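For reference, the structure is listed below as structure tokens.
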Amino acid sequence: MKPSLHFSLVTYILLPFFVVVLSACAQNSKLANIFTETHTASLTIVPRSDSQVTGRIHFSSKGPGVHITGLISGIKPGLHGFHIHARGDCSAADGSSAGDHFSMPGEVHGSHGADGSHIGDLGNIAADNNGQAKIDVMAERLCLDPEQSCNIRGRSIVIHETADDLKSQPAGKSGARIACGVIPLLEAKTSSRK
Ligand SMILES: [Cu+2]
Ligand SMILES: [Zn+2]
């Protein structure tokens with residue numbers, strides 16, 4: 001076989017074959033799916049425990065982790081405990097229906113990202129003197145995939161009256177639940193997916 005013929009064989013017959021096989025694999029592989037698509041969720045929080053707290057929170061995930069952003073208004077200046085809670089139910093007037101912090105077996109309450117702390121522990125958000133809090137948290141251990149144990153869809157996000165001390169059990173002594181939102185099962189309409 002002449003070198004030029006060999007080159008043509010590889011280029012025009014084998015290469016397209018591999019491209020087809022590889023793209024078929026990518027479409028069927030869950031792993032490929034997780035690392036190439038952006039998943040999003042958005043919610044409007046509801047005030048709880050007679051608070052006046054309002055705001056929107058957005059969740060975006062491309063690859064490992066979930067980027068949580070948002071703007072909260074009508075909240076007292078200072079630090080406020082911020083967690084993913086296990087149950088997607090904000091219906092109780094005091095937010096108790098959201099259940100405990102989202103956690104894995106054996107985890108205890110702690111700071112965001114610390115070894116052995118609840119997977120749903122996100123630390124505190126800080127409100128300024130105008131009663132506004134900007135949220136911008138990268139939660140490396142969470143995901144937006146209902147087929148995985150790190151999934152937060154169908155769970156809730158809760159903001160507390162006072163600061164989470166990041167150590168007291170079982171929830172950091174952060175007081176009443178003043179805002180709550182259920183993380184939707186469906187992708188946000190503003191999804192960047194094309
Ligand atoms: Cu909480
Ligand atoms: Zn916790």
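What's the total number of residues in region 88-106 that are touching a residue at least 24 places away in the same chain (Cβ under 8 Å) and of a type in the set (Ser, Thr, Tyr)?
Here the count works out to 1.
Table: residues versus (1) free of Cβ contacts under 8 Å to residues at least 12 places away in the same chain; (2) over 22 Å from Arg48 (Cβ atoms); (3) within 14 Å of ligand 1 (Cβ to nearest atom).
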| position | (1), (2), (3) |
| --- | --- |
| Ala86 | no, no, yes |
| Val108 | no, yes, no |
| Asp115 | yes, yes, no |
| Asn124 | no, no, yes |
| Gly131 | no, no, no |
| Arg153 | no, no, no |
| Pro170 | no, no, yes |
| Ala188 | no, yes, no |
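Take region 79-135 and flag every residue that is of a type in the set (Ser, Thr, Tyr) and part of a loop (DSSP other than H, G, I, E, B).
First, the residues of region 79-135 that are of a type in the set (Ser, Thr, Tyr): 91, 96-97, 103, 111, 117.
Ser91, Ser103, Ser111 - these are the residues of region 79-135 that are of a type in the set (Ser, Thr, Tyr) and part of a loop (DSSP other than H, G, I, E, B).
Restricting the search to region 98-133, which residues are among the β-branched types (Val, Ile, Thr) and either under 19 Å from Gly154 (Cα atoms) or under 14 Å from the mean Cα position of the chain (by Cα) (or both)? Show your work before the answer.
Looking only at region 98-133, we keep the residues that are among the β-branched types (Val, Ile, Thr), and these are 108, 119, 125.
Ile119 - this is the single residue of region 98-133 that is among the β-branched types (Val, Ile, Thr) and either under 19 Å from Gly154 (Cα atoms) or under 14 Å from the mean Cα position of the chain (by Cα) (or both).
In the same structural domain as Gly70 (by TED's automatic domain parsing), touching a residue at least 40 places away in the same chain (Cβ under 8 Å) and within 16 Å of ligand 1 (Cβ to nearest atom), is that true of Gly175? Full working, then the answer.
Numbers: in the same structural domain as Gly70 (by TED's automatic domain parsing): yes; touching a residue at least 40 places away in the same chain (Cβ under 8 Å): yes; within 16 Å of ligand 1 (Cβ to nearest atom): yes.
Spelling it out, Gly175 is indeed in the same structural domain as Gly70 (by TED's automatic domain parsing), touching a residue at least 40 places away in the same chain (Cβ under 8 Å) and within 16 Å of ligand 1 (Cβ to nearest atom).
Pull out all pairs, ordered by first then second residue, where Cβ-Cβ is under 6 Å, the residues are six or more apart or on different chains, the first lies in region 36-56 and is more than 19 Å from Lys189 (Cα to Cα), and the second is small (Gly, Ala, Ser) and assigned to a loop (DSSP other than H, G, I, E, B).
From residues that are more than 19 Å from Lys189 (Cα to Cα), the pairs are Arg48/Gly95; Ser49/Ala176; Gln52/Gly74; Val53/Gly74; Thr54/Gly74.
Considering each of Ser117, Ser97 in turn, give the residue that is over 20 Å from Ser168 (Cα atoms) and assigned by TED's automatic domain parsing to the domain that holds Ile45. If you could, list the steps in order and put the result at the bottom.
Details: Ser117 fails: over 20 Å from Ser168 (Cα atoms).
Within the list Ser117, Ser97, the selection yields Ser97.
Specify the residue that is farthest from the chain's Cα centre (by Cα); the eligible residues are those in region 81-94 that are within 15 Å of ligand 2 (Cβ to nearest atom) and within 15 Å of Gly175 (Cβ to Cβ).
Looking only at region 81-94, we keep the residues that are within 15 Å of ligand 2 (Cβ to nearest atom), and these are 81-87.
When the remaining residues are screened for being within 15 Å of Gly175 (Cβ to Cβ), the result is 81-83, 85.
Details: Gly81: 16, Phe82: 12, His83: 11, His85: 12 Å.
This residue is Gly81.
The values are calculated or read from the model by the stated rules, or taken from the named source; none is laboratory data. Just so you know, these numbers come straight off a predicted model, no measurement behind them. Positions of Cβ are generated from backbone atoms using ideal geometry, with glycine treated the same way; all protein chains shown enter the neighbour counts.
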